[in-house]
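Accompanying notes for the structure given below.
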Amino acid sequence: MDKKRRDFLKIAGVSTLAGLGGTAVVDRLVSGTSPVQSEAAKHADNAQGGHDSHQEEAKSGNRYGMVIDLREFKKDPALGDKVVEVCNHTHNVPDFPKKKDEIKWVWLTGYENAFTEHSQNYKDQGTLDNEVLVMCNHCDNPPCVRACPTRATFKNADGIVAMDYHRCIGCRFCMAACPYGMRSFNWRDPRFALDMNKINKEFPTRMRGVVEKCNFCAERVGLGKQPACVEVCGSSKAIVFGNLNDPKSEIRKVLKENYTIQRKPSLGTHPSVFYIV
Amino acid sequence: MYDSGKILTGLAIFVLFVTFPIWYNHGDAGAVPKVEKAANNATQCVRPVDEMRSEHMQLLNEWRDDVLRTGDRSFAVEVDGKKYQKSLMNTCMKCHTSKKKFCDECHDYASVSPYCWDCHVAPEDMN
């Protein structure tokens, strides 16, 4: 077969044009209709609106949230430890002595660790001396849920970021994705560090190789009870729990009357845990 | 065929070896374990006995998904007018108080090892 250079160049030119033009047409047809792109655009809009944009949207359904009044924890320094202890017992959280094996659902940490985005300059002594109660923020836009390849962690209908340990494969992507470091990995069988005679008999333990975290007491809230940490605070109202989407709820009243802050608001995760400092 | 004697003998030995469990037990699968009766003299389970025997694993999976993923923690299971929660630890094991006698006997017989008890606490494990 004899191909002239002239013919070859013609064919090459035409097919290049067809290729370029073709992709342009396809792009035009697809743009705006792809669910991935429109979802991404929505997120971008949310992020631009800052951390308050979600409050303006009228949302139906439940979104549970929490207000932690650090002033009450200052007044009663033993309260923080009491809260941690009651949570650990309620959810059979093991107590490993080695720091690398630690499992934590709720714990106390310094102000500078909890509120890294807020100014640390010349803080008053009361803030520096008292530790902050931290737990999973049950974000409205949770990065851990997006990272999970098996949907073991997901946002349920109540706005609680829940874990389904049956599905967790222990890849720890969620731990990397959580900007607050609120998740723990079971490096060892948690039953080694649990006194099986003293556990909560109504709640399972976990197994080696799964990630765990605070579940906002979904198992109690589902039965109409308050979370264990809220209950232990009693009448002090150090922690208020309720539905953020209900304008008449107690938590909305507290939020309206007090200046509250969230952890790392600039990330656009919209935490459901608020702090009165 | 070359070496047919050796090959056929080898094949025969192989077949005998592979079917060892069958002829060793004379084709008998052993006595079917007797499942323990419920501890509180309950006469009815959440489903008919036959259905529970063959399909309890599907039911448990359904319950798990209802409770954990749908968040339906209502006391929706009704037996003899009493309402129960969809729960392995808090419903099933309240009547069937021994994991060893109620679960393990059959599971061992059927040679299955479900991972329920890696996390869920068997009645024997707590006092």
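Of all residues in region A:124-143, none are surrounded by 19 or more Cβ atoms within 10 Å (Cβ to Cβ) and free of Cβ contacts under 8 Å to residues at least 40 places away in the same chain.
Any idea how many residues of region A:233-260 are crowded, with 16+ Cβ neighbours inside 10 Å and under 22 Å from A:Lys74 (Cα atoms)? Please lay out each step first, then the result.
Residues of region A:233-260 crowded, with 16+ Cβ neighbours inside 10 Å: A:233, A:238-245, A:249, A:251-252, A:254-255, A:260.
Right, trim to under 22 Å from A:Lys74 (Cα atoms) and you get A:233, A:238-241, A:251, A:254-255, A:260.
Count: 9.
Of the candidates A:Lys264, A:Lys237, the single residue that is more than 30 Å from B:Pro114 (Cβ to Cβ), within 22 Å of the chain's Cα centre (by Cα) and in contact (Cβ under 8 Å) with a residue 24 or more places away in the chain is A:Lys264. The residues listed here are A:Val240, A:Val254; of these, the one that is touching a strand residue (DSSP E or B) at 6+ places or on another chain (Cβ under 8 Å) and within 21 Å of A:Trp107 (Cβ to Cβ) is A:Val240. Taking only pairs six or more apart or across chains, which ones have beta-carbon atoms under 8 Å, a first residue in region A:189-216 that is in contact (Cβ under 8 Å) with a residue 40 or more places away in the chain and at the interface with another protein chain (Cβ under 9 Å from one of its Cβ atoms), and a second residue that is among the acidic types (Asp, Glu) and buried (at least 18 other Cβ atoms within 10 Å of the Cβ)? Pairs that qualify, where the first residue is in contact (Cβ under 8 Å) with a residue 40 or more places away in the chain and at the interface with another protein chain (Cβ under 9 Å from one of its Cβ atoms) and the partner is among the acidic types (Asp, Glu) and buried (at least 18 other Cβ atoms within 10 Å of the Cβ), are A:Phe203/A:Glu219; A:Arg206/A:Glu212. Would you check which residues across region B:89-115 are surrounded by fewer than 18 Cβ atoms within 10 Å (Cβ to Cβ) and within 10 Å of another protein chain (Cβ to nearest Cβ) and list them? Residues satisfying the conditions are B:Asn90, B:Tyr115. Within region A:182-197, the set of residues being part of a loop (DSSP other than H, G, I, E, B), within 19 Å of A:Cys217 (Cα to Cα) and not hydrophobic (A, V, I, L, M, F, W, C) comprises just one member, A:Arg183. Taken over region B:48-87, residues that are touching a Pro at 6+ places or on another chain (Cβ under 8 Å) and not aliphatic (A, V, I, L, M) amount to 0. Taking the numbered list (1) outside any loop (DSSP other than H, G, I, E, B); (2) more than 22 Å from A:Lys98 (Cα to Cα); (3) away from chain B (no Cβ under 13 Å) in turn, A:Pro149 passes all entries but (1).
When you scan region A:170-181, how many residues do you find that are touching a residue at least 24 places away in the same chain (Cβ under 8 Å), away from chain B (no Cβ under 13 Å) and part of a loop (DSSP other than H, G, I, E, B)?
First, the residues of region A:170-181 that are touching a residue at least 24 places away in the same chain (Cβ under 8 Å): A:170, A:172-180.
Keeping just the survivors that are away from chain B (no Cβ under 13 Å) gives A:172-180.
Checking which are part of a loop (DSSP other than H, G, I, E, B) leaves us with A:172, A:178-180.
Total satisfying the criteria: 4.
Of the residues making up region A:112-127, none is charged (D, E, K, R), under 17 Å from the mean Cα position of the chain (by Cα) and not in a loop (DSSP other than H, G, I, E, B). In region B:65-82, the residues that are assigned by TED's automatic domain parsing to the domain that holds B:Asn41 form Cβ pairs under 7 Å with partners that are β-branched (Val, Ile, Thr) and in a loop (DSSP other than H, G, I, E, B), at six or more places apart or across chains, as follows: B:Val77/B:Val46; B:Val79/B:Val46.
I'd like to know if region B:54-62 contains one or more residues that are surrounded by 10 or more Cβ atoms within 10 Å (Cβ to Cβ) and over 26 Å from the mean Cα position of the chain (by Cα). Walk me through it before giving the result.
Step one: list which residues in region B:54-62 are surrounded by 10 or more Cβ atoms within 10 Å (Cβ to Cβ), which gives B:55-62.
Adding the requirement that they be over 26 Å from the mean Cα position of the chain (by Cα) leaves none.
No, region B:54-62 contains no residue that is surrounded by 10 or more Cβ atoms within 10 Å (Cβ to Cβ) and over 26 Å from the mean Cα position of the chain (by Cα).
The values are calculated or read from the model by the stated rules, or taken from the named source; none is laboratory data. Keep in mind the model is a prediction, meaning the values are calculated, not measured. Positions of Cβ are generated from backbone atoms using ideal geometry, with glycine treated the same way; all protein chains shown enter the neighbour counts.
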